[in-house]
Structure formats: C-alpha cells, structure tokens
Amino acid sequence: MTTIKNIRKTPDYGCNCGSWFNHWEHYSGYTSKFCAASRCTNRELEMSYVQLANSDNQNWYVIPLCKQHIETTGKLEVLTVLVDADTTDKCEITIYVNLMNHLHQYKNKTESTFKKIQKKITAIIHLHPIKQLQHSNI
C-alpha cells in the first residue's frame, strides 16, 4: 500500500495520450476499473493528481480515484501504480509509436492508400516537436 495526498489542482500542461486515463493505463500497464483507494469498489472514476505523503519527493502522479476520494484532504492509502504526471517527451514518443503502428497496419493496402496515410502521419509528426527521434524511415 502507498500513502498519498491529493494535490487538488491540475497541472499547467496537458497530455498528448488523448486523456489522463489513457496516460495512466499506458504507463501503468493496467486498466482502471475501481477506485485506487484501499477497500473502495466505486467504478465512477476520475483522474487525480497526487503526491507521495511522508516523502520529500515533490513529483506529481496520476491515479484513478472516485469523486469521494478525490475530495479527500488528508492522507489516503491506495493500492495502485502511481504514474508520473510529467509528460515531457513520454507522450510525444507514444504518439509517434502509435502512428507508426497504424501506418504499418495499412501497408498491405493499395499503394495510393498507403501513401495517403503515410503523408497524413508525416504531417502530424511534424506538428509535434519530437526532437529525439529520427523519423526518416517513414
């Protein structure tokens, strides 16, 4: 079990995974079905921004909690994976990988369809500043 405290505010940045639920599921490797609070079985979830309680670590994390537990002002025991809310580079890489996987699904289609999809993906990639990746193999 991990002890957390709610930050009770949202970060000044978004997540390019499509949603914070997608971000949490992608980086935790799990699907959120229940509130992460210990012994809570509520299925109506929202993503909560939390920090570790009793720690000097000031990182922000995201976890799925129900509305009742999001409103908690004190410490809370949770049974879940804490996923770092710092999206720097992570989500952009996810976009690139997902787009490339999508492109390769259509490789057996007609050459003109493949080239259209390739062109769209290349345009999307150029909209996102992915500095660390070489995408010359597109």
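The values are calculated or read from the model by the stated rules, or taken from the named source; none is laboratory data. The structure displayed is predicted, hence computed values, not measured ones. All Cβ positions, glycine included, derive from the backbone under ideal geometry; neighbour counts span all protein chains shown.
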Next item on the list: Confirm whether residue 51 is modelled with pLDDT of 90 or more, outside any helix (DSSP H, G or I) and either polar (S, T, N, Q) or loosely packed, with under 13 Cβ neighbours inside 10 Å (or both).
Entry: yes
Notebook entry, point to check: Within segment 27-44, is even one residue in contact (Cβ under 8 Å) with a residue 24 or more places away in the chain, part of a strand (DSSP E or B) and either farther than 13 Å from residue 72 by Cβ or not β-branched (Val, Ile, Thr) (or both)?
Noted result: yes
Notebook entry, point to check: Counting just the residues of segment 8-24 that are closer than 15 Å to residue 59 by Cβ and either aromatic (Phe, Trp, Tyr) or surrounded by 15 or more Cβ atoms within 10 Å (Cβ to Cβ) (or both), which one comes out modelled with the highest pLDDT?
Noted result: 24
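Here is a yes/no grid of residues against (1) in contact with a helix residue (DSSP H, G or I) (Cβ under 8 Å, 6 or more places away or on another chain); (2) closer than 15 Å to residue 4 by Cα:
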position	(1), (2)
32	yes, no
41	no, no
48	yes, yes
51	no, yes
72	no, yes
80	yes, yes
83	yes, yes
